[in-house]
Structure formats: C-alpha cells, structure tokens
Amino acid sequence: MGVVIIDGTTVRDFVNDDAAFTKSVDDQFAALDLNNDGVLSRSELRTAFESMRLIESHFGIDAATPPEDLKNLYDSIFDKFDGDKSGTVDRGEFLAEMRKIMLAIADGLGSFPIRMVLEDDPSNLLQKAADLEASKLVNK
Ligand SMILES: [Ca+2]
C-alpha cells in the first residue's frame, strides 16, 4: 500500500509518454490474459474491472449496484473495448480504450491534486503514472 498524490497532468503526461504507457498497458494485458491466448474474453475483462476500483467509479459502479445492472454495465464496457465486435479484446483494442479511459480520468481530475491510497499492485496504471512523475523529478 502506498499513498500517492496525483492530478490530471500526472495522468496525462503518463498517457502521452507512448513508450511508458504502452509498456504498462501491455504488462497489464499480459497479467489479465489468464489463459494466455493473446486476447481477453468477456470474463477476463470483467475480472480486470473488478480489480480496478478507480475504473469502476469512472463508470459509476458502486456496491449497491444490482447484479443485473452490473452485468449489463460490464457487457457495455466489453462492447466499448471490442471495437471490431469479434467477441474478444486484443492488445491493440485494449491499449486504445485504456488510453481513452485514462485521458477521461485525467480530465475528471483536472488540476486538483488528489491523494490516493493504492493497493500494492505493480500493474496499477495510476501507480505507474505517479512513479513516472517521481522519476522525472529525481532526474531534474
Ligand atoms: Ca485470454
């Protein structure tokens, strides 16, 4: 567990750092692809979202959401990711949609820094955004 301070600029700088962002999302994709077939199934993506709390709040999911609504919501999220409607989400689709989501989160944060308690998850993208900013400060 760690506490990080992030704002929209932290997140946006991370998304715009193509090499760092692509590598982080690729790492996350590999971790989510539980059966290693190179694509994410509906259930793999749902497992992913259940573990990404901030994304849940971005999509308006909370503990009181009834199971059927939750299923519809996860279906609609899956459809957003599955751009070519192939029934699976490939690496490129995942990267493109994660970029959009992270930029939307950045817009939502704006210039107001927030303190976030992050669980110790090396694949957490917001953690990576904060790490990238920290590494730049060190190098200045
Ligand atoms: Ca898979």
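Points to keep in mind about this one:
- Residue in segment 92-102 that is under 15 Å from the mean Cα position of the chain (by Cα), at pLDDT below 85 and more than 16 Å from the ligand (Cβ to nearest atom) present: no
- Residue count for segment 25-68 under the criterion of being more than 21 Å from Arg99 (Cβ to Cβ), at pLDDT 80 or above and either more than 16 Å from the ligand (Cβ to nearest atom) or of a type in the set (Asp, Glu) (or both): the result is 2.
The values are calculated or read from the model by the stated rules, or taken from the named source; none is laboratory data. Being a predicted model, the structure only gives us computed values, none of them experimental. Cβ: placed from backbone, ideal geometry, glycine included. Neighbour counts: every protein chain shown.
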